[in-house]
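Have a look at the structure below before the remarks.
The values are calculated or read from the model by the stated rules, or taken from the named source; none is laboratory data. Note that the coordinates shown come from a computational prediction; the quantities given were computed from them, not determined experimentally. Please note: Cβ atoms are built from the backbone with ideal geometry, for glycine as well, and neighbour counts cover all protein chains shown. Accessible surface is based on the protein model in full, side chains and every heavy atom, while ligands, DNA and RNA are left aside. Shrake-Rupley method; radii C 1.70, N 1.55, O 1.52, S 1.80 Å.
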Amino acid sequence: MLCEKKLGTVKTLDLTGRQVETVDIEWHEAFKKIHKKKTNKGREIGIRMDDSVLTEGLREGDVIYLDDSLAITVHTPPCEVLLIYVDEDHSQMVAKVCYEIGNRHAPLFYGSDLFSFVTPYNEPMLLMLKKLHGVSVIKAHMTLDFDKRISASIHTHQH
């Protein structure tokens, strides 16, 4: 079975009467055009998206296959992340945090307020951020919200 485009979302399409299967797309795979995957029911599928996926990505709840009896939707599993908090009285560190994360080509997401950010976990990043004055970092497990991404693109390039 080949899935070639996003048809809508579980919120915008009526999936009543259809078997709904999900396919896991990890955060670092969301902006890739080609995948070979299995759904949660073991069905093998191929995913071949157009160039729009390079900027939009595949997101939680996207419907990528739909017929009279079946819908296949995207599930973005939670991953380890770093929750980064800049003390309000050290607001100048916001720029430093964003620079350091961007300099390492890591994806960056807005957090819960103007002084918080989220980035996928890696140990060197954790150690570097912990050294910044006025910045606290917590390792957590959560699903990344691509609507809150700051980075222009998501990729896995690291030095």
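Tabulated results
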| item | result |
| --- | --- |
| Order by protection proxy (mean Cβ within 10 Å, highest first), peptides 82-89, 71-78 | 71-78, 82-89 |
| Accessible surface, per residue, of the range 63-158 when the full set of protein chains is kept, probe 1.4 Å, Å² | 52 Å² |
| Over the chain, relative contact order from alpha-carbon pairs under 8 Å, at least 6 apart, % | 24 percent |
| Per-peptide average of other Cβ atoms within 10 Å, ordering 5-16, 111-122 highest first | 111-122, 5-16 |
| Percent carbon-and-sulfur accessible area, the range 9-159, ignoring ligands, DNA and RNA, probe 1.4 Å | 52 percent |
| Too-long pairs where the Cα-Cα distance tops 24 Å, listed order kept, from LYS37/LYS148; LYS36/LYS139; LYS11/LYS41; LYS33/LYS130; LYS32/LYS131 | LYS37/LYS148; LYS36/LYS139; LYS33/LYS130; LYS32/LYS131 |
| Extent along principal axes [Cα atoms of the range 15-159; Å; largest to smallest] | 57, 30, 23 |
| C-alpha long axis of helix 93-103 to longest principal axis of the chain, angle in ° | 50 degrees |
| Prolate/oblate/rounded label for the range 30-105 (Cα gyration tensor, a/c 1.5) | prolate |
